[in-house]
1. For region 161-203, give me the residue count where each residue is under 21 Å from ARG56 (Cβ atoms) and among the polar types (S, T, N, Q).
2. May I ask you to verify whether VAL110 is open to solvent by less than 50 Å² (accessible area, probe 1.4 Å) and modelled with pLDDT under 95?
3. Filter region 208-240 down to residues that are open to solvent by 20 Å² or more (accessible area, probe 1.4 Å) and of a type outside the set (Asp, Glu), then give me how many there are.
4. Considering only region 55-75, how many residues are at pLDDT 95 or above and either of a type in the set (S, T, N, Q) or within 21 Å of the chain's Cα centre (by Cα) (or both)?
5. Taking CYS50, is it in a strand (DSSP E or B) and modelled with pLDDT under 95?
6. Run down GLU73, GLU77, GLU35 and say which single residue is open to solvent by 50 Å² or more (accessible area, probe 1.4 Å) and closer than 27 Å to PRO232 by Cα.
7. Within region 12-31, which residues are in a loop (DSSP other than H, G, I, E, B), open to solvent by 20 Å² or more (accessible area, probe 1.4 Å) and either modelled with pLDDT of 95 or more or at positive phi (or both)?
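The values are calculated or read from the model by the stated rules, or taken from the named source; none is laboratory data. No experiment lies behind these values; they were computed from the predicted model shown. Counting neighbours? That spans all protein chains shown, and the Cβs are built from the backbone with ideal geometry, glycine included. Side chains included, ligands, DNA and RNA excluded: accessible areas come from the protein's heavy atoms. Shrake-Rupley method; radii C 1.70, N 1.55, O 1.52, S 1.80 Å.
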Amino acid sequence: MDLSELERDNTGRCRLSSPVPAVCRKEPCVLGVDEAGRGPVLGPMVYAICYCPLSRLGDLEALKVADSKTLLESERERLFAKMEENRDFVGWALDVLSPNLISTSMLGRVKYNLNSLSHDTATGLIQYALDQGVNVTQVFVDTVGMPETYQARLQQSFPGIEVTVKAKADALYPVVSAASICAKVARDQAVKKWKFVEKLQDSDTDYGSGYPNDPKTKAWLKEHVEPVFGFPQFVRFSWRTAQTILEKEAEDVIWEDSAPEDQEGLRKITSYFLNEGSQAHPRTSHRYFLERGLESATSL
């Protein structure tokens, strides 16, 4: 899977897709939707679709696709390679949503929660398949939230298509299993090849599973929190785990209208701009300053 576009810019979203098989433009097709990386505090979330003609569904099942969560990484890679070998009847597309996009969406002035982001991404991928000429007649989706509500929403968006939304659809429908494999392979590769725009010194990439309850992940977060600028963009700073670490490890902000008694014990933000004296900050300059060619002023 070629993730070079994501490697060039991993701050927003990236769409990847296979060529559309000619048979999928002619024959009625079934399409599955699933995601990978919804829960982790680290790395992107990936939504994927996989589709094939209804007449070839048995051939897709013969590839022995299964829920990606039940498979080892090597098995997922092998099955994805098999799907790629069968491009004459199997197609896929995916959206990679960066941690930065997820967090800024959730914490924006107008709140855009993870469920809404997930629903809109799935809808966008189904529409993308239709725009590419895929003759989609049936859609199966692994639910996010209440399946009845989600199904009604998708059915309204695609009235000419039979839509089924189920919990654990990735274990029930082979075409959703195939989508889950595409999503998980993409996320695994994205995490492995992640380019830190912060150019972290001696960066440790042993961050565990990336899930909030993983002790190794929590330790990595504590080690890589910057007291003023927070976390690298690899971190979903809207997650409660990240926010708790920020509250404990980072500096509080002193607002000009804060009462004097509320400011006791807090370091002033200007202390981080000093390059000498007892208040000098031991870390090297943050990329914010380096990218703008800014240096500390010793006199005004």
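1. Residues flagged as under 21 Å from ARG56 (Cβ atoms) and among the polar types (S, T, N, Q) within region 161-203 amount to 3.
2. Criteria not met by VAL110.
3. Residues that pass the stated criteria total 18.
4. 1
5. The answer is no for CYS50.
6. So the residue among GLU73, GLU77, GLU35 that is open to solvent by 50 Å² or more (accessible area, probe 1.4 Å) and closer than 27 Å to PRO232 by Cα is GLU73.
7. PRO19, VAL20, GLU27, PRO28
Yes or no, residue by residue, for (1) of a type in the set (Gly, Ala, Ser); (2) exposed (fewer than 15 other Cβ atoms within 10 Å of the Cβ); (3) in contact with an Asp or Glu (Cβ under 8 Å, 6 or more places away or on another chain):
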site: SER98; (1), (2), (3): yes, no, no
site: LEU114; (1), (2), (3): no, no, no
site: HIS119; (1), (2), (3): no, no, no
site: ASP131; (1), (2), (3): no, yes, no
